[in-house]
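Single-structure report; data block below.
The values are calculated or read from the model by the stated rules, or taken from the named source; none is laboratory data. Everything numeric in this text was worked out from a predicted model, so none of it was measured. Cβ placement follows ideal geometry from the backbone for every residue including glycine, while neighbour counts extend to all protein chains displayed.
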């Protein structure tokens, strides 16, 4: 679409914000409210793909049911020239992945604050029986005032839905995928908690715990290899933060936090006690009096 084109006779295209494999996102103005928003519209060449249409419909259903300050809000859903679209709030800011690419990693306090807000978003989604399935820094947006917003519910799973086709089971980003989902099992709330733990790991270390030559190799690491403590990457990681990540990323879903709310309580204890976020120092550093920063 071109500048000034109207989508569904209501949204005037200003410019293109981005393009994915199956949809294009435009910045547009609502000619009725005069508000700026982001309109995500399917491409013509994917309209015959039933799986893509189903995923787009799933994302629309999931987002439309989730009105929360830490979740990207869906304003309207419709069809333009037989192409489904979603009008979402326009997020002014970058993703956490964008920030990581610039900064390398976040401070312990920043990461704990982002994770606390993420818990708010995911707990709300879970309360509405929505499993996100693709939690990662790329899908978390950071606004200028420090608020984070979770978006991209394109592969979300409804906990009360029993219909999961084989082609829909193993989807998501392999670096953040839980062992059980990597094995083709039905995603659950605990699967999201695992992905949140991986995200926390990356926010404080600047890297993911597992990386390999190809997606299958990474998936096998999640399934078989012992989960590495973030202290192996960054020795200064405080013990309470290390414990939260290690608990969230246990291989057996039953051994992880029972709920996102439980994980959030652990984060609150850390945030309420600034001393617990002080960078850990090695015995050698303590002996010689070296100062180690996070």
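For region 58-83, filtering for residues that are surrounded by 18 or more Cβ atoms within 10 Å (Cβ to Cβ), at pLDDT 90 or above and more than 17 Å from residue 10 (Cβ to Cβ) leaves 3. In the set (1) under 18 Å from the mean Cα position of the chain (by Cα); (2) over 19 Å from residue 132 (Cβ atoms), the condition left unmet by residue 8 is number (1). Across region 136-170, the qualifying residues are those that are over 27 Å from residue 93 (Cα atoms) and part of a loop (DSSP other than H, G, I, E, B), and the one among them that is modelled with the highest pLDDT is 159. Close Cβ contacts (under 7 Å, 6 or more residues apart or on different chains) running from residues in region 45-74 that are closer than 27 Å to residue 145 by Cβ to residues that are modelled with pLDDT under 80 and part of a loop (DSSP other than H, G, I, E, B) comprise 59/153; 59/154; 59/156; 62/153; 62/156; 63/153.
Restricting to region 188-201, give me the number of residues that are under 17 Å from residue 138 (Cβ atoms), over 12 Å from the mean Cα position of the chain (by Cα) and in contact (Cβ under 8 Å) with a residue 60 or more places away in the chain. Residues in region 188-201 being under 17 Å from residue 138 (Cβ atoms), over 12 Å from the mean Cα position of the chain (by Cα) and in contact (Cβ under 8 Å) with a residue 60 or more places away in the chain: 0 in total. Being in a helix (DSSP H, G or I) and farther than 22 Å from residue 264 by Cβ is the filter; apply it to region 101-124 and report the residue that is nearest to the chain's Cα centre (by Cα). Among residues in region 101-124 that are in a helix (DSSP H, G or I) and farther than 22 Å from residue 264 by Cβ, the one nearest to the chain's Cα centre (by Cα) is 101. Scan region 17-31 for residues that are over 11 Å from residue 41 (Cβ atoms), under 25 Å from the mean Cα position of the chain (by Cα) and part of a strand (DSSP E or B) and jot them down. Listed by number, the residues that qualify are 17, 18, 27.
If you take the residues of region 84-99 that are assigned to a helix (DSSP H, G or I) and crowded, with 19+ Cβ neighbours inside 10 Å, which of them is farthest from the chain's Cα centre (by Cα)? Write out each step before concluding.
First, pick out the residues of region 84-99 that are assigned to a helix (DSSP H, G or I): 96-99.
If we keep only those that are crowded, with 19+ Cβ neighbours inside 10 Å as well, we get 96, 99.
Numbers: 96: 9, 99: 14 Å.
Checking each candidate, the answer is 99.
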